[in-house]
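The values are calculated or read from the model by the stated rules, or taken from the named source; none is laboratory data. Bear in mind the structure is a predicted one, so any value in this text is a computation, not a measurement. Here Cβ is always computed from backbone atoms with ideal geometry, including for glycine, and neighbour counts include all displayed protein chains. Ligands, DNA and RNA are stripped out before the accessible areas are found, and what is left, the full protein with its side chains, is counted by its heavy atoms. Shrake-Rupley method; radii C 1.70, N 1.55, O 1.52, S 1.80 Å.
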Amino acid sequence: MRFEDAEASFVANMAKQGIPVILVLTKAGDKIQAEKLLNNIWSRSAVSFVNSVILLAENYVGAEAYGIDQLIEKTYQIVPKKMQESLVNAQKASLKLKRKKATQKITLFVATTFEEGFIPVPMSDSAMMIPTQLEMLKEIADVYGVEIEKHTLESIVPALLGVFGAFSGGKALASYLRAIPGLSIATGVISGGVGSVITTALGATYIQLMELILAGKINLEDTTSQELKDILIKLLKSYLSNKMPGLS
């Protein structure tokens, strides 16, 4: 195997047009030999590659598949920004890339609920944040390529919000939330800080659900809305226990 002159000419022509090129060696069952070939191409070629990847798309003669996730991640770095989200949503090889994009979504929605949280709401009612949180969960699901019915989410989110009040009888959680600037437990007004805590927890919990689904540990076709709700509540309680020691 070698890098042919015709291939070098083709790549050089694209480079002249400003098209970034990633050098990809496929069917690399022998990774050591593939790395030697890769280094040889880099050292002898006049072509400027923006990056390189060695990969084996499928298991072959005792060698496990590898490298596709790296190809996706390196491709993400060079595609136009307006295409990055579509690439993340469509690909299934890089969980890392999906998690990064989903976390970015959470950050954006946290800013929104932070602002919403400073609007006085009697009885600590966080219902005004639910539409924002529903949209966040929908966009996270889009990133992972998972479809969950809207009416299912509409029934799940209020149940998840209830966890915050019921967790440890509400006492330890209330103590934790009092430490957040802007919260008024006595008057029952939701602060931006509390809205941010709730939205972050819901988003992080939903990411966990998405990854369990992609890993095949949860089959949506065999899971009822109530079962899905129970799974999310369990994940949320676990998240709160880890982030807020002493609440469980």
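Here are a few things to note about the model shown:
- Tallying residues that are open to solvent by less than 70 Å² (accessible area, probe 1.4 Å) and either in a helix (DSSP H, G or I) or at pLDDT 90 or above (or both) within the range 59-76 yields 8.
- Yes/no for K36 being assigned to a helix (DSSP H, G or I) and over 26 Å from K100 (Cβ atoms): yes
- Within the range 8-36, the set of residues being touching a Phe, Trp or Tyr at 6+ places or on another chain (Cβ under 6 Å) and not aliphatic (A, V, I, L, M) comprises just one member, G29.
- Residue in the range 109-127 that is outside any loop (DSSP other than H, G, I, E, B), open to solvent by less than 20 Å² (accessible area, probe 1.4 Å) and modelled with pLDDT of 85 or more present: no
- Any hit, the range 50-58, residues being more than 12 Å from F3 (Cα to Cα), charged (D, E, K, R) and assigned to a loop (DSSP other than H, G, I, E, B): yes
- Being open to solvent by less than 60 Å² (accessible area, probe 1.4 Å), modelled with pLDDT of 85 or more and either basic (K, R) or in contact with a helix residue (DSSP H, G or I) (Cβ under 9 Å, 6 or more places away or on another chain) (or both) is a property that V79 has.
- Residue, nearest to L55 (Cα to Cα), within the range 19-36, restricted to residues that are among the β-branched types (V, I, T) and open to solvent by less than 90 Å² (accessible area, probe 1.4 Å): T26
- Pairs where the first residue, in the range 2-14, is surrounded by 12 or more Cβ atoms within 10 Å (Cβ to Cβ) and the second is at pLDDT 80 or above and outside any helix (DSSP H, G or I), C-beta under 7 Å, 6+ apart: V11/V21; M14/V21
- Residue check, L23 assigned to a helix (DSSP H, G or I) and within 32 Å of the chain's Cα centre (by Cα): no
- For the range 128-164, the candidate set comprises residues that are among the hydroxyl-bearing types (S, T, Y) and touching an Asp or Glu at 6+ places or on another chain (Cβ under 8 Å); within that set, the residue that is surrounded by the most Cβ atoms within 10 Å (Cβ to Cβ) is Y144.
- Of residues in the range 220-245 being hydroxyl-bearing (S, T, Y), assigned to a helix (DSSP H, G or I) and more than 21 Å from the chain's Cα centre (by Cα), the one nearest to Y144 (Cα to Cα): S225
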